[in-house]
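The values are calculated or read from the model by the stated rules, or taken from the named source; none is laboratory data. What you see is a predicted model, and the numbers here were worked out from it, not measured in a lab. We place every Cβ from the backbone using ideal geometry, glycine too, and count neighbours over all the protein chains shown. The area values use the complete protein model at the heavy-atom level, side chains included, leaving out ligands, DNA and RNA. Shrake-Rupley method; radii C 1.70, N 1.55, O 1.52, S 1.80 Å.
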Amino acid sequence: MKNVKFWWAAILPLLILSACGTAPQNVIESSSTAQENLDNVMVEFTIENKGKQSYKGTQKLDFKNKKTLKEYDNGNLIYIDPSSGILGLEGENSEMNEGEEEYYRNLSEQELNMGRDYIAYLEGIDPELQNKFKMESETDHSYVLTFNGTDEEKQSLLEKERADYYKNLFEADQSDNKKQENIRLKKYDISITIDKETNFMTKLIIHQIFSEKIQNETQNIDHRKEYIYSSHNKLEDIAKPESEEELPAEKPAEEPSEEPAEEPGESEDNAAYEEEAAKYVDALIQATVYQNTDNYISKAPDAESDDQKKKSAEEQKGFFIAAFETNLTNALKSFGAAPSPGKLEKATAAFKNALSQTKYEIVDSKSAEDGTSYTVTLSIEGFSETKLLSKDLTDAITSFQEGKMSGQEFGDKYLDILTKVYSGKISLEPAKEATVNVLRNPDGTYAVLMQDEYLLTFVQQ
């Protein structure tokens, strides 16, 4: 019986909603091959520091010649070329001390490595990291991979990153003073979007929330960094700015600093945006979990017309079901089976019936100081896959392990049991809270990047 429980634990996660059919390792390998042949790329960056100043701008990366040109929205820029030094600080050529020059050179090298192949960059810190990404979603045009490490693995990666940060980005004579300790991780999310046709990385989002002790002072850090990559291998040579008049008269904004900063005041629109963020999550749940277009239209904020809302609802509904069916089909493939005619459709209908019995309510919605992100808290009464399915599957699992049932026979049995259990009345788990991070776009629309933040409470292990 012990072996049966272990084997069940191995197949149970195959029904997680957000997983898709394509193996993430295959996508990563294909992307790494493409990125190795990348000579240059344009990057649009947004770096948000909760309670501190945020930064936006563009950056050209030339991997072949190791040159970078970063231009901030406030007009400041910094140009780095190994052959001609650094330009941009105070509008002069490299008029800085040795430590400052080392900082910007190391920062440029880090940005080149991240832009060239971010997963390979992280593997330099943690060699096993490639196996810790999962397929978050798959569309006709792209894959979205997310970091799926355990809390311990995320903590370990963060500690190694911070050690690398202080080693490479601060002057050697300050490294001992900047040694970090007592890191406490609260959140570490990584999302990577990869284009299906080219296999190039097109978007990278990193969100870290943690505290660390530096020089006996505890600092709370909340970074969210978004990089959008375009014009792969299409940039002309990055030319050095010709005249000092074109350069800024002030020092360009540096990358996120962990120095304390003044808390910005709350926007007068925050209350309205908090309400809209909650409405969007409410609408999104209606479209995905409950497959209800009309409720999405009535609940979603009014930044979109009803026709646009209808289109968004249908897209969310379709993706949700496609993800479930793709994942379920690939689960069957893992033990040599394929859905027999009609069984996949019946299993999907039963699954929707089970989801229709779940309950939820919006508990709270709060804004971050940056005015563009919000945390919506939900109370959800979901169901446990383990409790609902494991009892009926135990005998089938035993027969399959003992060779008394083929993979196809087990697959059919698996779908039959799922359909039977989910078609009836299901038992709900006690209410659990889930927090969903919501972004507000410049056009007033909203987005949830990690639907797992609520889905995994509706359908629990």
Problem - By accessible area with a 1.4 Å probe, ligands and nucleic acids excluded, highest first: order of 203, 50, 420, 134 - result: 420, 50, 203, 134
Practice task
Loop only per DSSP, at most 12 neighbouring Cβ atoms within 10 Å: give me the GluC sites (Glu not before Pro) in the stretch 396-451, ordered by residue number.
Solution key: 402
Practice task
Could you rank the peptides 438-450, 323-335 by their average count of other C-beta atoms within 10 Å per residue, with the highest value first?
Solution key: 323-335, 438-450
Practice task
Identify, among 360, 344, 292, the residue whose Cα sits farthest towards the positive end of the charge dipole of the stretch 265-381, taking +1 on the Cβ of Lys and Arg and -1 on the Cβ of Asp and Glu, with the dipole about the Cα centre.
Solution key: 344
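Which order do 121, 422 take by accessible area at a 1.4 Å probe, largest first?
Values: 121 40, 422 0 Å².
Highest to lowest solvent-accessible surface, that is 121, 422.
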Problem - Listed residues 361, 276, 48 arranged by accessible area, highest first, probe 1.4 Å - result: 361, 276, 48
Practice task
Could you tell me the distance between the Cα centroids of the stretch 389-461 and the stretch 311-335, to the nearest Å?
Solution key: 12
Fill in the blank from the handout: Label model pair residue 308, residue 160: point-to-point distance (7 angstrom along the Cα→beta-carbon line) in nm is 4.3
Practice task
Give me the accessible area of residue 29, 1.4 Å probe, in Å² rounded to the nearest 10.
Solution key: 100
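Let me check I've understood the local charge: for residue 381, count other residues with C-beta under 12 angstrom from its C-beta, Lys and Arg +1, Asp and Glu -1. What total comes out? Walk me through the numbers before you get to the answer.
Details: positive: 359, 432; negative: 361, 429, 433.
Within the 12 Å Cβ shell, the charges total -1.
Per 0.36 nm of contour for each residue apart, how much would the distance between residue 198 and residue 270 grow if the chain were fully extended, relative to their Cα-Cα spacing?
Working: separation 72, 0.36 × 72 = 25.92 nm, distance 3.99 nm.
Extra length from residue 198 to residue 270 when fully extended: 21.9 nm.
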Practice task
Set the Förster distance to 25 Å, then compute FRET efficiency between residue 217 and residue 186 from the Cβ-Cβ distance, nearest 0.05.
Solution key: 0.85
Exercise for the section: Over all alpha-carbon pairs in the stretch 333-385, figure out the percentage whose distance exceeds 17 Å. Expected result: 63
Completion exercise
Those GluC sites (Glu not before Pro) from the stretch 181-232 that are DSSP loop and have at most 13 other Cβ neighbours within 10 Å turn out to be 197
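Taking Rh as the Kirkwood radius computed over C-alpha pairs, what is the Stokes-Einstein D of the stretch 302-459 at 37 °C in a medium of viscosity 0.692 mPa s, expressed in µm² per second?
Values: Rh = 18.0 Å.
The diffusion coefficient I find is 182 µm²/s.
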Exercise for the section: With just the Cα atoms of the stretch 293-370, tell me how far they stretch along each of the three principal axes, in Å, largest first. Expected result: 50, 29, 27
